[in-house]
1. Once the other residues with Cβ under 14 Å from the Cβ of Ala33 are scored (Lys, Arg +1; Asp, Glu -1), what is the net sum?
2. For region 23-82, what class follows from the C-alpha gyration tensor (a ≥ b ≥ c being the square roots of its eigenvalues): rounded when a/c is under 1.5, otherwise prolate if a/b is larger than b/c, else oblate?
3. How far apart, in nm, are the 7 Å Cα→Cβ label points at Asn64 and Tyr39?
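Derivation of every value follows stated rules applied to the coordinates shown; laboratory data play no part. It should be emphasised that the depicted structure is a prediction, and the values quoted were computed from it without experimental measurement. Counting neighbours? That spans all protein chains shown, and the Cβs are built from the backbone with ideal geometry, glycine included.
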Amino acid sequence: MGISDMASACKYVESSKTPQQVNGYNCSLYIAAIAKAIYSWYESESGPNNEDGLWFSTMNEQVNPSVVDEMRTIILGLVKSLMP
């Protein structure tokens, strides 16, 4: 299946249960965590070939406030490691 075939086979699907930030300052970290979860799903064995071909359940399992807090700590450590 070529790229044009895949594009024409695509359809819009909306998830009503996306992870939500619980404060006013984590929006970019939630975006990064969701992107990481989608990538993790895509690279996994179940990935795009699973029964529904969707990543919503993986996203909801992998993205939560504690994961986002951990991601903040990791990113802060990376930034600090770049500072002289």
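1. -1
2. Prolate, because a/c is 1.5 or more and a/b exceeds b/c.
3. 2.3 nm
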